[in-house]
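Novice: The structure follows.
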Amino acid sequence: MLSGLPVTTRLRPIIAIDGPAGAGKSTVARRLADALGYVLVDTGAMYRTVALAASRAQTAFGDAARVTELAHALVEAHALSFERDVELGVRVRLAGEDVSEAIRTPDIAQGASLVSAHAGVRSALLALQRQAGEAGGVVLEGRDIGTVVFPDAEVKFFLTASPEVRAGRRHAELVAKGQTVSFDETLADVKRRDAQDEGREVAPLKKADGAVVVDSTDLDFEQTVARMLDVVKTASGVASA
Ligand code: DC
């Protein structure tokens, strides 16, 4: 028995990136996936798509039974699909329709935070997330990747930044997309989502055991990516594809 050695059949690692809303996980995850030649899995997009489907079905985000039923129905019908897109990071389809833009509104962000608190919704999406990542050579980003989805991920990050800095980045993104929203509203949204994501009973947002904390409050994007790539290379002796 080779005690002390990790038991893994993966040739290439799983990289888990968790952290609060607006910490820059999506852009960083995308860059890491590109730099390493890995698959990118945006699990927040999955919760957002369930929220969009609920909103269109006029189902209240808080209605656990109906939203859970809807999430299972979508997964069983293979109605959620995600493909890599150079411009968007991930292109998302709901029953064939491109909803990549529609899932990025503040209302759907708030809805995603609410639907993701239902245990039934989480278990419906868990299977999809594990399927997408189990072979390794993948960067997954979300809130519970290192704690629940892949607690055995070879590399785990907790990417964070102060609420003000996160709101500032999110606000700039929304304004660039032509949305009219104030900084104060964006900050309030960020804080509300933090409270919801950290306070829920199922799979709350928290640092996973063994996760490396990267606080990007005083780091720019390139510095953040460089620090994380260093960790990946050291931790896994990883070779890019
Ligand atoms: O990362 P994001 O903003 O796209 O995520 C939208 C919401 O989905 C977020 O408020 C919490 C939820 N989420 C989650 O609960 N677990 C994940 N692994 C990813 C996202």
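The values are calculated or read from the model by the stated rules, or taken from the named source; none is laboratory data. Bear in mind the structure is a predicted one, so any value in this text is a computation, not a measurement. A quick note on method: Cβ atoms are made from the backbone with ideal geometry, for glycine too, and the neighbour counts reach across all protein chains shown. To get the accessible areas, we keep the full protein, side chains included, count just its heavy atoms, and leave off ligands, DNA and RNA. Shrake-Rupley method; radii C 1.70, N 1.55, O 1.52, S 1.80 Å.
Novice: Let me check the size of region 35-92 from its C-alpha atoms; what are the radius of gyration and Dmax in Å?
Specialist: Both quantities, over Cα of region 35-92: 13.4, 41 Å.
Novice: Could you count how many Lys pairs in the chain have their Cα atoms under 25 Å apart, skipping same-chain pairs fewer than 8 positions apart?
Specialist: Lysine pairs satisfying the spacing and distance rule in the chain number 15.
Novice: Sticking with this one: Using heavy-atom solvent-accessible surface (probe 1.4 Å) with all chains present, what is the largest-first order of Asp184, Asp98?
Specialist: Ranked from most to least accessible, the order is Asp184, Asp98.
Novice: Which GluC sites (Glu not before Pro) in region 147-241 pass both tests, a DSSP loop state and at most 10 other beta-carbon atoms within 10 Å?
Specialist: The qualifying sites are Glu201.
Novice: Give me the percent relative contact order of region 1-104, please, defined on Cα pairs under 8 angstrom at least 6 residues apart.
Specialist: The normalised contact order for region 1-104 reaches 19 percent.
Novice: Can you give the calculated 222 nm mean residue ellipticity of the chain, where each DSSP H run of n ≥ 4 adds -39,500 (n - 2.57) and the sum is split over every residue, rounded to the nearest 500 deg cm²/dmol?
Specialist: -15000 deg cm²/dmol
Novice: Same structure again: What does the accessible area per residue of region 5-59 come to in Å², with a 1.4 Å probe and no ligands, DNA or RNA counted?
Specialist: I get 37 Å² per residue for this part.
Novice: I'd like the distance between the alpha-carbon centres of region 71-125 and region 148-214, rounded to an integer number of Å.
Specialist: Taking the Cα centre of region 148-214 as reference, the centre of region 71-125 is 17 Å away.
Novice: Another one. Using Cα pairs closer than 8 Å and at least 6 residues apart in sequence, work out the relative contact order for region 41-185, in percent.
Specialist: Relative contact order here is 26 percent.
Novice: Within the set of other residues whose C-beta is less than 14 Å from the C-beta of Thr217, count the net charge using Lys and Arg as +1 and Asp and Glu as -1.
Specialist: -1
Novice: Given Cα pairs under 8 Å that are at least 6 residues apart, what percent is the relative contact order of region 102-190?
Specialist: RCO, region 102-190: 18 percent.
Novice: Please find the FRET efficiency linking Ala73 to Arg227, where r is the Cβ-Cβ separation and R0 is fixed at 30 Å, and quote it to the nearest 0.05.
Specialist: 0.15
Novice: Once the cut-off is 24 Å, how many percent of the Cα-Cα pairs in region 34-134 end up in the long-distance tail?
Specialist: 16 percent
Novice: Starting from one equal scatterer on each C-alpha and no solvent at all, send me the Debye-based log10 I(q)/I(0) for the chain at q = 0.08, 0.10 Å⁻¹, two decimals.
Specialist: -0.28, -0.45
Novice: With r as the distance between the Cβ atoms of Leu11 and Glu173 and R0 = 30 Å, compute the FRET efficiency 1/(1 + (r/R0)^6) and round to 0.05.
Specialist: 0.25
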